[in-house]
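One structure is given here, and the rest of the page talks about it.
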Amino acid sequence: QVQLVESGGGLVQTGDSLRVSCVASGGTFSIYGMGWFRQAPGKKREFVVAISRSGTSTYYANFVKGRFTISRDNAKNSVYLQMNNLKPEDTAVYYCAATPRDWSTSFSDYAYWGQGTQVTVSS
């Protein structure tokens, strides 16, 4: 059983940057592909970005390409999401998730989820 804990969310202004982190425990972190999803009020949870087990491959939703960067440190059981040039429409709860696949963009492939961290971007 893998436990995931996100941190680093907060209130920022349009154009600012923010890095959110996710630390895993209870399992072998390096065997899981990792992903970030987000859910805005009244909307479905959506895929943001995924990273493969080794960290060599990444997959981004079109709406964050060029602004967000995912990375992982298997020695620290951690995955990070660097968010630059934030926009009000990026406001959401950001969830870290782990999949037994090397990577996936599909919500249903992720077996473990964190509790989420709130990111709010003011205009």
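Taking the criterion of being among the polar types (S, T, N, Q), touching a residue at least 40 places away in the same chain (Cβ under 8 Å) and farther than 16 Å from Thr117 by Cα, the only residue of region 27-48 that qualifies is Ser30. Reported count of residues in region 98-109, each being over 9 Å from Ala50 (Cβ atoms) and open to solvent by less than 70 Å² (accessible area, probe 1.4 Å), is 4. The sole residue among Thr91, Thr69, Thr28 that is surrounded by fewer than 15 Cβ atoms within 10 Å (Cβ to Cβ) and of a type outside the set (Gly, Ala, Ser) is Thr28. Across region 72-84, which residue is farthest from the chain's Cα centre (by Cα) among those that are on the phi < 0 side of the Ramachandran plot and open to solvent by 20 Å² or more (accessible area, probe 1.4 Å)? By that ranking, first place goes to Ala75.
Once region 95-109 is narrowed to residues that are of a type outside the set (Ser, Thr, Tyr) and in a helix (DSSP H, G or I), the residue that is farthest from Gln39 (Cα to Cα) is Asp109. Restricting region 110-123 to residues that are crowded, with 19+ Cβ neighbours inside 10 Å and assigned to a strand (DSSP E or B), the residue that is nearest to the chain's Cα centre (by Cα) is Thr117.
Applying the set (1) modelled with pLDDT under 95; (2) open to solvent by 60 Å² or more (accessible area, probe 1.4 Å) to Val64 leaves exactly one unmet item: (2). Restricting region 31-54 to residues that are in a loop (DSSP other than H, G, I, E, B) and open to solvent by 70 Å² or more (accessible area, probe 1.4 Å), the residue that is farthest from Cys96 (Cα to Cα) is Gly42.
Would it be correct to say that Thr28 is at pLDDT below 95 and within 14 Å of Asp102 (Cα to Cα)? Considered against the rule, which asks whether it is at pLDDT below 95 and within 14 Å of Asp102 (Cα to Cα), Thr28 comes out as yes.
The values are calculated or read from the model by the stated rules, or taken from the named source; none is laboratory data. Computed from a predicted structure; not experimentally measured. As a convention, Cβ positions derive from the backbone with ideal geometry for all residues, glycine included, and neighbour counts pool all protein chains shown. SASA here: full protein model, heavy atoms, side chains in, ligands and nucleic acids out. Shrake-Rupley method; radii C 1.70, N 1.55, O 1.52, S 1.80 Å.
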